[in-house]
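First comes the structure, then the notes that go with it.
Since every read-out is calculated from the coordinates, none of them should be taken as a lab result. This one's a predicted model, so the numbers in the text were calculated from it and none came from an experiment. Backbone-built Cβ (ideal geometry, glycine too); neighbour counts: all protein chains shown.
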Amino acid sequence: MSEFDIRNQKKANNVANASCISSCVIEVSRRYRFSMSQSKREQVISHLRYIRQELREMHQGLMDDGLLPEPGEMRGVMAQMEALHELLEGKSSKKPKAEAS
């Protein structure tokens with residue numbers, strides 16, 4: 001494969017990944033649009049922006065340098081995704097206390 005073909009493939013991958021992330025954001029927006037308050041919607045948007053930015057940076061590092069993200073970076077994104085999930089599902093992040101016997 002020529003260098004030109006490799007560059008075109010990288011561009012196509014970047015577009016596909018950006019499209020996938022955008023479609024996820026749109027789906028979350030559609031699904032929860034009518035059941036969320038304005039402040040909750042703003043929190044969701046904030047989480048999604050952070051996650052998108054982190055994933056873009058990880059993807060760019062992988063495409064440009066062939067470097068996998070650090071485990072701490074992945075844990076941070078996973079924590080943001082978990083927080084977003086809890087926010088959307090209306091669950092508290094607090095664990096119930098065990099009952100004393």
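Estimated at 0.36 nm per residue, the fully extended path between E27 and Y50 surpasses their Cα-Cα distance by 6.6 nm.
Sorted from fewest to most neighbouring beta carbons within 10 Å, what does the list I45, I51 look like?
Ascending number of Cβ neighbours within 10 Å: I45, I51.
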